[in-house]
Each structure stands twice: as structure tokens, then as C-alpha cells.
Amino acid sequence: MRKLIAALLLFAPLPLVAQGALDVKYQMPPKAIADVVDAAPTPAVALSPDGKWLLLMQPPALLTIADLSQPELKLAGVRFNPETHDQTRSFYFTSLTVVPVAGGAQREIGGIPAGSRMRYPSWSPDSSKIAFTVSTPGGVELWVAGAVTGAARRAGSVIINQSLPSRPFEWMPDSKSLLARAAPAQRGPAPQEQHTATGPAVQESRARKAANRTYEDMIRNESDAALFEYHMQSALMRVPLEGDASAIAPAAMILRGTASPDGRFILVETAHRPFSYTVPVNRFPRRIEILSADGKVVRQIADLPLADNVPIDFDAVRTGPRDVQWRADKPATIFWAEALDGGNPRTEAELRDRLLTIAEPFAGEAAKLMDVPLRFDGITWGSDDLALVDAARFKDRKTQTWRIKPARSDAPLLVFDRSFEDRYADPGRPVTTTNAGGKEVLHIAPDGRSIFLIGDGAAPDGVRPFVDRFDVEARKATRIFRSEAPNYEYPVDVADARGDAIITRRESVTDPPNWFRRELRKKIAPRALTSIPNPTPQLASVSKEVIRYKRADGLELNGTLYLPPGYDAKKDGPLPVLMWAYPQEFKSAAAASQVTTSPYRFIRMGGGGAPSLFVLRGFAVLDNPTIPIIGEGTHEPNDTYVEQLVAGAQAAVDELVRRGVGDRDRMAISGHSYGAFMTANLLAHSNLFRAGIARSGAYNRTLTPFSFQAEERTYWQAPDIYTKMSPFTYADKIKEPILLIHGIEDDNTGTYPIQSERLYAALSGLGGTTRLVMLPKEAHGYRARESVMHVLWEMDQWLEKYVKNGAKR
């Protein structure tokens, strides 16, 4: 009997306290940290097409847990509110303000109901109006405001279907009406979820390769499929600013509807069955059609099948027409790309993609525009004599840009050919302008052959953004602007045809971002367009420096070092350290050493719980120290992941100790997502850190067997790599305290909440010191104020106990 009782007790469930479960309410971090988190973020901006107006769009600092607690369905990779057909997790704007570029009083857009949540502000092609959606308890409404008056009113009476994470409307070229995806006005009730099963959910594979990454929020059964089909229904509507809305296309699962530049045709993409249990909606079957303005089908471009068997390689694509779009510089011409290699980059082929066009009346065969040697990556239209085609290959990080003359038979001209890892050689992105049809086209200089390029300007002395005038035919750049110390000044746009004036966003370590107009041919100071005050003056005395140091093999590394206000290393001695990092893979050691930060950027530490905030708690914070994982030639970066990871962290620790600012015995390592994966690995394979904080990571790579991050090999092709890289494999080696934080609703590929739960179970079972914090309603990035504040409280408690005041080792 005693043996039986003992056996029953052994397998009886333990009380919650014995298992380590704690009843914890949301907590607040120290006030110094909370005040910075609550400070107003820098507004987003949008310049009007004519360059005369600047629209300031103010987001809230954070969402609330109430925002995330609204009704939500998670189907086919889409999260939405089924009651209002609205997005549930995306940020919104609380105010919109119009600033005249020529000077004068700015106007906040008024007439909007108090507490409105606005999304997708968009200028009309003629720059006279701004359209946006307003989320209300009764659904999503479409509103329009005048640029001159600032007065807003509702456009039409339709309810918008804003379930998909993309703009649900666009301006028609006449600037007098909008094209919108509206929730059907009349339909039956939504299908009821079946609580009593009528049969199993069955999937079958018949000797057909269909490898896919570990997607979240997939359709699981026919009940889910019926709900998804119901809630994704939209009617494509023309909504005039005056008069009643009219239907162009009947209700269907419309993914996209966009008007031709002349407004006479509509390009429509519609998803349809059969659905999949393994891939999201962007892989579902889709029909691509050209409709007339009154809704008649003019031509079907394609009816693509389910794409659940696309290879997992980064350059793999579905077969058939893709990237179908209007040619921006023509009244009504369609363009698309098609793979020449079956969509598989591992297939030997001299040419990867073919670019095709067909013009109104859309009859006959499409004409070939160009065959591309690398995978097509985008096109920027300009004129019959100038368009730029971008292409890339991930395997060796190669990128190319070709000049084509769409109306001529001239051979394509290779303009840029480089590694996209090489940030120092980045020529910049082409500047575009909005034409009369509301489409983005190249900003071509009066000579007809020059364009303008805006670049980040990565350089050994720090990032210095620039503007170049670029002669495409001669392939020669002339620099017309470059950011100068002690400011970081980023060009937003070229403000006139000749490139004599630009709009910039300027900031410094202590001055917040503001917008300016610069006259490049005149020796006058730039004119301020905005005067946004410093939202966090308490950070003005924080020390910031971009430091450089070397790995043991001589590789140059760098990071941004923050030191507390008034700190003096000689007088105050070394500090406890918090490192926040994210490893990155490279195919070139030279590219891995490049500096991609600026010492002159404004110190901003709010957002989703920035670890740099802990400089206010007496820590030296090394933010984003470069930890490159390099695999040159035939070697892949991850072949020596652990060795390079430890070497990069060791170099950072040694440099902080050498400078006298870091206490080698009080170092913490932390990171989010792949940075959390890094954190657990460093605790398992080194003795550099006293504690770790890992947020929303993946720790067992056998749970992501069809590639992860930049690794394209599957588990079965590289089982040793997957095993060695998994800190779960070495949980018995993690002897230092590790804090695990994860959103319960994590939707990121591969970082299922079970990753943190199983690592916690392993560490707990092995006698490790660990704490698991699961955040209700949170996805991969933390959005609610309550969650962010609690995360910072957890981090503060952990760092104070195990790092700042930890016992000597």
C-alpha cells in the first residue's frame, strides 16, 4: 500500500506554486524608463505630389491591451476583427497635420470624431486632398480632407473591408473619386464555427515535394475555410466625392484592385479555392483580370493554381505571371514577370525571368520586354527611353540594375552590378515623382538621361546620407548633397525638376528629427518646415559613441555605446553592461566589417522596450554590436556559427573592459527573435555573461526543418548544423540565469511560443535558473503599453538581481 501511494503521488499533478507558476499583474518599470516610453514618437511624413504640402501623421507611443483584446480571427496568415473587418494589431494615427512647404501656418485636419484611429493617409494625384480610413465601432469608414482648409468629411457611406494588411483603397486618376474594397452591403450571417466535429481534417501528399516554412495562423479545417472565405469577401466600389458609390466588381475575395493611369481599366486579383492548411493566403490560387471601368472582363491574365510546392530557396517563385502591374508611364499597358527556370533557382539556367507587356486593347500575345539573368526584383518606369529593372541572386548576394528603353530595340545596359551586402558601394535608390495618373515614375532631369539617387551613404566614418544626379547612359554620378557633422540629415525628396532644392529630415544627438527645405545652389541656411520639440530632454546628457574594435581574426566590428549621464570612467570605474544584439550572415568578410550606423542620430529609446533605456539605470549599453557570421566561397555562414558567435561577443566584451567602462564580471546579453536565439547560444557555449534575456526566440531548429533565417539547407541536408546551432541541445550547459519572454500570440515564422515553453521546461528540469514570461495577446513584436512596461519591469528586476548586484564569480 505504501508503494502504491508513493507511485500515485509521483504522478499526481503538482500544485501551481510548486511548478513555479506565479500570479503576476502588469507591473511598471522605474519612472525614468516609463516616462521615455510614454513620450510622443516622431511623426511620419508624406510629401504631396506637387511638393507644396507636407503631411505629418502622428502615431501613439503604443497600443493598449484593450486594442489587442478586441475580437480576432487568425486565418491563412491574416489577423482581423470579424465584427468590424478591421486590422487588429497595426498602428494607426491619432492626428494629421498639413504643413505648407512655402511657409505659413500649419493646419491640423479637423472634423474627425474624437478618438478616431486613422490609417493609410494618401494624397490625391492633384495634391488637393488626402484620403484615409477611420476605424469606428460600426466598421471602417472612408474619409477625405482638403489640403487648404484642413476640413474632413466622410466619403460615401460604404463600410471598408480592411481585414488584409494592405491599403484597401486608392485614388482614381481624376482625384474626384476613389477605388475601394468594401464589405458587401447585403449578405447572410457568418458561418458558425462547428463545435461538434463531422470528421477529421485530412491532408495528403503523393510523391510531390511541397516543403514550406513553419507558418502560423493557418486554416485548420473546413470550418476555418468557410469563415475565411466569408470574411475576405469584398465588393470593388467606385466612391465619388460627390454622389453615390457604385459597384465595379461583385463580391469576391479581392486581394487587390488598381486603376490604370488613364482610369479606364481596373486590374483585379482575386483569391479562390482550393485553400491550403500549410501556406498563407499569398500562396492560394488567384485569378488576375483586367476589367473595364464598368466591370466587364476585358482579359484574364492568369488563373494561378495553389502554390504550396514553391522551393524554400529565397529566390524561388511561383510559376506563371507574377508581379502583375500597370506600366506607370503609359495610359493602359500591363506588365508582368514569368520564371524561365520553373521558379527554382537551383535549376541551371542562363536566364531566370522574362518580362512581358501588353497594351490596350489587350489582345493577342504579350510582347517580350527583357530576359533577366537574375531573379526579377522590381522595375521603375520613366519613359519610352528610360526604365530601370532590378534583379538579384541571394546565393552570392548579387544585385544588378539594368537600363532598358521600353519603346526601342536597344540592348539593356547594365548600370549597377554589385553585392547587396556591400553597403559602402550602394548607389542609392532612384527618386520618383507622382504623375497625373497617380503612379510613381522616375524623376528624370530636364536633359532626359539623368535621374536622382538618394542613398544611406554608409562609410567608415559613419552613415552620411546623400543625393546624386546620375547620368544613366554615361553611368556617372555627381554628388549634389551629403549630410555633414554634427547632424544626420536624410534627403526625403528632390523638390524641383533640376534638383536645385531638396526636402530633408535633420537631427542630431540632442535635436529631434525635423523637416527642412534646402536650396542647393544658394548659400543659405536650410529653412525649417517643422519645429517638433524634444520629447525626451532627460536623455540629452546621455553619452553616445559608435565604437570600433577587432575580432580575434582581425575582422573589424562596431557598435553603439551608451553611457549614463555624468559618467566618468576614470572616476566612477567600470559599469555593469547590457548588450543587445542580432547576428547577421554574410558571404564577404569585407562587407561584414562595414559601419552602417551614425554617431549623430537623435537618441531615441522608446518604442517596444528598447534595451538602451537601461543606461538610465546605471548600465553601459552596447547596442547592436556587429556579430557577423561569415561563409565565403563554397562555405555557408552557419558552418561555423557557434565559433563566430562566441568570437564576436568576446571581442565586444574585451573592448568594453579595455576602455574601462565595462565590468567583465557584470555583463548581460540580450536579444529579440534571432537575437534571443543568439542569447541562449552564448550562455550555452561561453562564460562571458552573468545572465541573459531572450525575447520571442526559437531555440530548437528541428522545429523549423525547412530552413530558417538565411539558412537555405533543410534539416535533412545539414542535420549536424541544425543540431549544433540549437541551444535546446545544450540546455544542460546553460548555467547562468536566463529570462525568457514570449508573446502568446506570436505569428512569426518559426518562433512559436512552444519554443520558449520547451526551453524553459528543459532548463527547469535540469535545475537551471530561469523565468518564463508569456505575454497575453502579444504577437512577435510587443504592441500594448501594458506589455511593454511589464517587459521592461521584468528586465529591470533580472538585471538588478543577477547582473548589477550579482555575487562575484
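The values are calculated or read from the model by the stated rules, or taken from the named source; none is laboratory data. If you're wondering where the values come from, they're calculated on a predicted model, not measured in any experiment. Here Cβ is always computed from backbone atoms with ideal geometry, including for glycine, and neighbour counts include all displayed protein chains. Just the protein is used for accessible areas: all its heavy atoms, side chains included, with ligands, DNA and RNA removed. Shrake-Rupley method; radii C 1.70, N 1.55, O 1.52, S 1.80 Å.
Out of all the residues in segment 214-235, is one or more in a loop (DSSP other than H, G, I, E, B), open to solvent by 10 Å² or more (accessible area, probe 1.4 Å) and at positive phi?
Among the residues of segment 214-235, at least one is in a loop (DSSP other than H, G, I, E, B), open to solvent by 10 Å² or more (accessible area, probe 1.4 Å) and at positive phi, which makes the answer yes.
For segment 44-73, what are the residues that are in a loop (DSSP other than H, G, I, E, B) and open to solvent by less than 40 Å² (accessible area, probe 1.4 Å)?
Correct list: 48, 49, 51, 59, 60, 61, 62.
Does residue 101 fit the bill of being without any contact (Cβ under 8 Å) to a residue 60 or more places away in the chain, closer than 30 Å to residue 174 by Cβ and of a type in the set (Val, Ile, Thr)?
no
Tell me which residues, restricted to segment 742-782, are modelled with pLDDT of 95 or more, in a loop (DSSP other than H, G, I, E, B) and open to solvent by 50 Å² or more (accessible area, probe 1.4 Å).
Matches in segment 742-782: 744, 766, 767, 769, 776, 777.
Kindly indicate the residue of segment 236-272 that is closer than 21 Å to residue 359 by Cβ and among the basic types (Lys, Arg) and also least open to solvent (accessible area, probe 1.4 Å) among those meeting that condition.
256
Select from segment 329-344 the residues that are farther than 17 Å from residue 314 by Cα and open to solvent by 10 Å² or more (accessible area, probe 1.4 Å) and list them in ascending order.
Answer for segment 329-344, where residues must be farther than 17 Å from residue 314 by Cα and open to solvent by 10 Å² or more (accessible area, probe 1.4 Å): 329, 330, 331, 333, 336.
Could you check, for segment 702-722, whether at least one of its residues is modelled with pLDDT of 95 or more and within 18 Å of residue 581 (Cβ to Cβ)?
No; the residues of segment 702-722 include none that is modelled with pLDDT of 95 or more and within 18 Å of residue 581 (Cβ to Cβ).
Please determine, by comparing only the residues of segment 273-304 that are surrounded by fewer than 15 Cβ atoms within 10 Å (Cβ to Cβ) and not basic (Lys, Arg), which one is farthest from residue 362 (Cα to Cα).
Per the stated criteria, the residue is 274.
For every residue, the table says whether it meets (1) within 23 Å of residue 166 (Cβ to Cβ); (2) not basic (Lys, Arg).
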{"site": "116", "(1), (2)": "yes, yes"}
{"site": "123", "(1), (2)": "yes, yes"}
{"site": "127", "(1), (2)": "no, yes"}
{"site": "131", "(1), (2)": "yes, yes"}
{"site": "138", "(1), (2)": "yes, yes"}
{"site": "141", "(1), (2)": "yes, yes"}
{"site": "149", "(1), (2)": "no, yes"}
{"site": "153", "(1), (2)": "no, no"}
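Please verify whether residue 615 is assigned to a helix (DSSP H, G or I), among the aliphatic types (A, V, I, L, M), surrounded by 23 or more Cβ atoms within 10 Å (Cβ to Cβ) and touching a strand residue (DSSP E or B) at 6+ places or on another chain (Cβ under 6 Å), treating the condition exactly as stated.
Spelling it out, residue 615 is indeed assigned to a helix (DSSP H, G or I), among the aliphatic types (A, V, I, L, M), surrounded by 23 or more Cβ atoms within 10 Å (Cβ to Cβ) and touching a strand residue (DSSP E or B) at 6+ places or on another chain (Cβ under 6 Å).
Tally time: how many residues in segment 407-434 are open to solvent by 40 Å² or more (accessible area, probe 1.4 Å), in a loop (DSSP other than H, G, I, E, B) and either in contact (Cβ under 8 Å) with a residue 24 or more places away in the chain or among the acidic types (Asp, Glu) (or both)?
6
Condition first: under 30 Å from residue 632 (Cβ atoms), of a type outside the set (Lys, Arg), at pLDDT below 95 and open to solvent by 50 Å² or more (accessible area, probe 1.4 Å). Can you find one or more residues in segment 364-377 that meet it?
no
Taking the options 401, 357, name whichever one is under 27 Å from the mean Cα position of the chain (by Cα) and either modelled with pLDDT of 95 or more or in a loop (DSSP other than H, G, I, E, B) (or both).
One residue alone meets the criteria, 401.
Can you tell me which residue is least open to solvent (accessible area, probe 1.4 Å) among those in segment 159-194 that are of a type in the set (D, E, K, R) and at pLDDT 95 or above?
The residue in question is 181.
When segment 507-550 is examined, which residues are found to be of a type in the set (Gly, Ala, Ser) and surrounded by 15 or more Cβ atoms within 10 Å (Cβ to Cβ)?
Across segment 507-550, the qualifying residues are 508, 543.
Residues of segment 460-491 being under 25 Å from the mean Cα position of the chain (by Cα) and modelled with pLDDT of 95 or more, which ones?
463, 464, 465, 466, 467, 488, 489, 490, 491
If a residue must be open to solvent by less than 20 Å² (accessible area, probe 1.4 Å), part of a strand (DSSP E or B) and under 17 Å from residue 224 (Cβ atoms), how many such residues does segment 74-96 contain?
4
Return the only residue of 729, 714 being free of Cβ contacts under 8 Å to residues at least 60 places away in the same chain and either closer than 21 Å to residue 641 by Cα or aromatic (Phe, Trp, Tyr) (or both).
Every option except 729 fails the conditions.
Has segment 464-483 got any residue that is part of a loop (DSSP other than H, G, I, E, B), under 30 Å from residue 548 (Cα atoms) and either touching a helix residue (DSSP H, G or I) at 6+ places or on another chain (Cβ under 9 Å) or basic (Lys, Arg) (or both)?
Looking for residues that are part of a loop (DSSP other than H, G, I, E, B), under 30 Å from residue 548 (Cα atoms) and either touching a helix residue (DSSP H, G or I) at 6+ places or on another chain (Cβ under 9 Å) or basic (Lys, Arg) (or both), one finds at least one in segment 464-483, hence yes.
Of all residues being under 22 Å from residue 235 (Cα atoms) and among the polar types (S, T, N, Q) in segment 125-158, which is surrounded by the most Cβ atoms within 10 Å (Cβ to Cβ)? Just the residue, please.
Checking each candidate, the answer is 133.
Among the residues of segment 270-293, count how many are outside any loop (DSSP other than H, G, I, E, B) and touching a Gly at 6+ places or on another chain (Cβ under 8 Å).
Number of matching residues: 2.
For residues that are closer than 19 Å to residue 668 by Cβ, in contact with a Phe, Trp or Tyr (Cβ under 9 Å, 6 or more places away or on another chain) and either at pLDDT below 95 or of a type in the set (A, V, I, L, M, F, W, C) (or both), tally how many sit in segment 789-809.
6
Mind listing whichever residues of segment 478-506 are farther than 25 Å from residue 446 by Cα and open to solvent by 10 Å² or more (accessible area, probe 1.4 Å)?
484, 485, 486, 487, 488, 505, 506
Across segment 642-660, which residue is farthest from residue 672 (Cα to Cα) among those that are crowded, with 22+ Cβ neighbours inside 10 Å and in contact with a helix residue (DSSP H, G or I) (Cβ under 9 Å, 6 or more places away or on another chain)?
That would be 644.
Give me the residue from segment 626-641 that is open to solvent by less than 60 Å² (accessible area, probe 1.4 Å) and among the acidic types (Asp, Glu) and, out of that set, modelled with the highest pLDDT.
This residue is 639.
Only one of (1) of a type in the set (Ser, Thr, Tyr); (2) under 29 Å from residue 506 (Cβ atoms); (3) more than 23 Å from the chain's Cα centre (by Cα) is not met by residue 136, so which one is it?
(2)
Is there any pair with a first residue in segment 261-286 that is over 14 Å from residue 304 (Cβ atoms) and touching a residue at least 24 places away in the same chain (Cβ under 8 Å) and a second that is among the polar types (S, T, N, Q) and in a loop (DSSP other than H, G, I, E, B) whose Cβ atoms are under 9 Å apart and which are 6 or more apart or on different chains, and what are they?
261/435; 266/260; 267/260; 277/203; 277/221; 278/203; 278/212
Return the residues of segment 697-717 that are assigned to a loop (DSSP other than H, G, I, E, B), open to solvent by less than 10 Å² (accessible area, probe 1.4 Å) and out of contact with any strand residue (DSSP E or B) (no Cβ under 8 Å at 6 or more places or on another chain); say none if nothing qualifies.
Within segment 697-717, 699, 704, 707 qualify.
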